[in-house]
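> Sending over a structure as structure tokens; questions will come in a sec.
The values are calculated or read from the model by the stated rules, or taken from the named source; none is laboratory data. Keep in mind it's a predicted model, so treat the numbers as computed, not measured. Note that each Cβ is placed from the backbone with ideal geometry, even for glycine, and that neighbours are counted across all protein chains shown.
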Amino acid sequence: MGYLTAKQFSEIWGITERRIIKLCKENRINGAIKSGMVWEIPEGTVKPSDRRSSIYKYINIPKRIMVVNANQEIKEYLSELINKEGYILEYGEVDELRNNLDNIAKYYEGLIYFSIDNMSKSEELFITNFSKKLHSETSIVIVDYKRSKRNEIEKKLADKLKKEVGLKINTLILDIPKDKNCLINYKEIADDILTLLLRFKNTTGTVIATDGGKIEFDSNGRTENLELGKFYRAINNYFKKLNKDSYLWCASTMLEDEWTELPQEMEFRLINLEAANRGVNIERIFIFSKDKIKQFKENKTLKIYIQSNIKTLYVDYDEVKEKNPKLLKIVANGWDGIDKSTLIVDLPEGTKERGYISKNTKEVGEAYNCFKELKKYSKNLKTNY
């Protein structure tokens, strides 16, 4: 779906750009978002009715989607994606909604239901009853975990509600172990839910599976060595969750060819800058010989970091090698630490894998103490040299 500016819509609707901006500020144009100083509106949006019109309340009914049993991790991604499509999301738990459906006067454009009991009979009854709040053009998405023996209720429901109401039901299967320590990319799951909810307009009974980009931690709190794509998806997922209360502490030994122009590396730089602009406390230490400081200060990426909100520090490799060489062994190929809980570790150049993630208390603690020691040798690149 494309977007047009308020100025472009003023020509389409025959009203002033100023009037359209006012409507956007009043939340009267579904899906309108502000990008910088410009309001963007989904193309094909119908002109809002005049509030003085007697049919206004019928034409401008908010488009709502009910989300049931969602965990906190998925909520933020669902809200971001589906609100952008012009829908209002409401969240609830099945137990609180089950006995209150008759008192809900609202109608909904869709239902996203996270199964809690392998689609038991009581869950089937809830969805059947909730379908009375939907119309024939709406959609239900059931999200369930992969099981060795799947319940057939979902298919029966899809067939039943298609015949009785005309709405569609599709299912997203999560191929994710519930009892293991995993890193999950909830944005991937939200993307798939959105696709099933809004894009499968003429399909019902469809089942697709996702592993949510799962990355499992072993008993020592460490992932396996990750190949390029998995590694960058994982760290991007971590970085985008950082907020003003987060602390990102990083150290790396600079190489002659540091920071290639790989798309993944370029995206990584961008999410660093975005995090800094959100107010995340970021400190980066770059370790290289003092006689190369002029060369590295001309490095395109390092110059961007120096000009950003990131605290950019420099440590003389030769000084540390002489006074405390153990620190260089701990840094190895470099790492990014998040608070005192997570360490994202680089592997040597030339290996098939790119890095790994550790939540091992000992490993994270050793790296954090190393970082504090390195800071004793550091100088601020923004104010020195």
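> Going by the structure shown, is residue 80 touching a helix residue (DSSP H, G or I) at 6+ places or on another chain (Cβ under 9 Å) and charged (D, E, K, R)?
When the stated conditions are applied, residue 80 passes them.
> Another question about this same structure. Could you please let me know if residue 316 is farther than 26 Å from residue 182 by Cα and touching a strand residue (DSSP E or B) at 6+ places or on another chain (Cβ under 9 Å)?
Spelling it out, residue 316 is indeed farther than 26 Å from residue 182 by Cα and touching a strand residue (DSSP E or B) at 6+ places or on another chain (Cβ under 9 Å).
> Right, here's the next one. Considering only the range 194-208, state which residues are in a strand (DSSP E or B) and either acidic (Asp, Glu) or loosely packed, with under 13 Cβ neighbours inside 10 Å (or both).
If the condition is that a residue be in a strand (DSSP E or B) and either acidic (Asp, Glu) or loosely packed, with under 13 Cβ neighbours inside 10 Å (or both), then 208 is the only one that fits.
> Filter the range 271-294 down to residues that are closer than 29 Å to residue 325 by Cα and either outside the structural domain of residue 314 (by TED's automatic domain parsing) or part of a helix (DSSP H, G or I) (or both), then give me how many there are.
Total satisfying the criteria: 6.
> If only one of 215, 235 is in contact with a Cys (Cβ under 7 Å, 6 or more places away or on another chain) and not basic (Lys, Arg), which one is it?
Just a single option satisfies the conditions, and that option is 215.
> Then there's this: If you check residue 157 against the conditions, is it modelled with pLDDT of 90 or more and touching a strand residue (DSSP E or B) at 6+ places or on another chain (Cβ under 6 Å)?
Here the answer is no, as residue 157 does not meet what is asked.
> Right, another one. If I ask for residues that are under 23 Å from residue 144 (Cα atoms), of a type in the set (A, V, I, L, M, F, W, C) and surrounded by 13 or more Cβ atoms within 10 Å (Cβ to Cβ), which ones from the range 89-128 would you list?
Hits for the range 89-128 are 89, 94, 97, 111, 112, 114, 116, 119, 126, 127.
> Further, regarding this structure: Condition first: of a type in the set (Ser, Thr, Tyr) and not in a helix (DSSP H, G or I). Now tell me which residues in the range 91-147 satisfy that.
Across the range 91-147, the qualifying residues are 91, 107, 108, 113, 115, 120, 136, 138, 139, 145.
> Follow-up question, since we're still on this one. Out of (1) in contact with a strand residue (DSSP E or B) (Cβ under 6 Å, 6 or more places away or on another chain); (2) surrounded by fewer than 16 Cβ atoms within 10 Å (Cβ to Cβ), what's the single condition that is false for residue 169?
Checking residue 169 against (1) in contact with a strand residue (DSSP E or B) (Cβ under 6 Å, 6 or more places away or on another chain); (2) surrounded by fewer than 16 Cβ atoms within 10 Å (Cβ to Cβ), the one that fails is (2).
> Tell me which residues, restricted to the range 318-337, are of a type in the set (S, T, N, Q) and farther than 17 Å from residue 376 by Cβ.
Residue satisfying the conditions is 333 alone.
> Here is a follow-up. Does residue 311 satisfy the criteria of being within 34 Å of the chain's Cα centre (by Cα) and under 21 Å from residue 376 (Cα atoms)?
Taking the combined requirement at face value, the residue satisfies it.
> Here's a follow-up. Hey, any hits in the range 66-84 for a residue that's part of a loop (DSSP other than H, G, I, E, B), buried (at least 16 other Cβ atoms within 10 Å of the Cβ) and modelled with pLDDT of 90 or more?
Yes, the range 66-84 has at least one match.
> Okay, next question. Of everything in the range 360-381 that's loosely packed, with under 14 Cβ neighbours inside 10 Å and over 18 Å from residue 334 (Cβ atoms), which residue is farthest from the chain's Cα centre (by Cα)?
376
> Which one of 318, 336 is charged (D, E, K, R), at pLDDT 95 or above and in the same structural domain as residue 232 (by TED's automatic domain parsing)? Give the derivation first.
Numbers: 318 fails: at pLDDT 95 or above.
Every option except 336 fails the conditions.
> Of all residues in the range 295-347 being assigned to a strand (DSSP E or B) and hydroxyl-bearing (Ser, Thr, Tyr), which is nearest to residue 238 (Cα to Cα)?
The residue in question is 342.
> From 357, 306, grab the single residue that is modelled with pLDDT of 95 or more and either among the β-branched types (Val, Ile, Thr) or surrounded by 17 or more Cβ atoms within 10 Å (Cβ to Cβ) (or both).
After ruling out the rest, the residue left standing is 357.
> Could you grab me the full set of residues in the range 143-180 that are of a type in the set (A, V, I, L, M) and farther than 20 Å from residue 107 by Cβ?
The first filter runs over the range 143-180 and keeps only residues of a type in the set (A, V, I, L, M), leaving 143, 153, 157-158, 161, 165, 167, 169, 172-174, 176.
Matches in the range 143-180: 143, 153, 158, 172, 173, 174, 176.
> List the residue pairs whose Cβ atoms are under 6 Å apart, where the first residue sits in the range 348-367 and is aliphatic (A, V, I, L, M), the second is outside any helix (DSSP H, G or I), and the two are 6 or more positions apart or on different chains.
Correct list of pairs: 357/223; 357/344; 364/343; 367/335; 367/337; 367/343.
> Out of everything in the range 129-147 that is surrounded by fewer than 19 Cβ atoms within 10 Å (Cβ to Cβ) and closer than 20 Å to residue 203 by Cβ, what residue ends up being modelled with the lowest pLDDT?
Among those that are surrounded by fewer than 19 Cβ atoms within 10 Å (Cβ to Cβ) and closer than 20 Å to residue 203 by Cβ, it is 136.
> So which residues in the range 339-354 are surrounded by fewer than 17 Cβ atoms within 10 Å (Cβ to Cβ) and either among the acidic types (Asp, Glu) or not assigned by TED's automatic domain parsing to the domain that holds residue 238 (or both), if there are any at all?
Correct list: 339, 349, 353.
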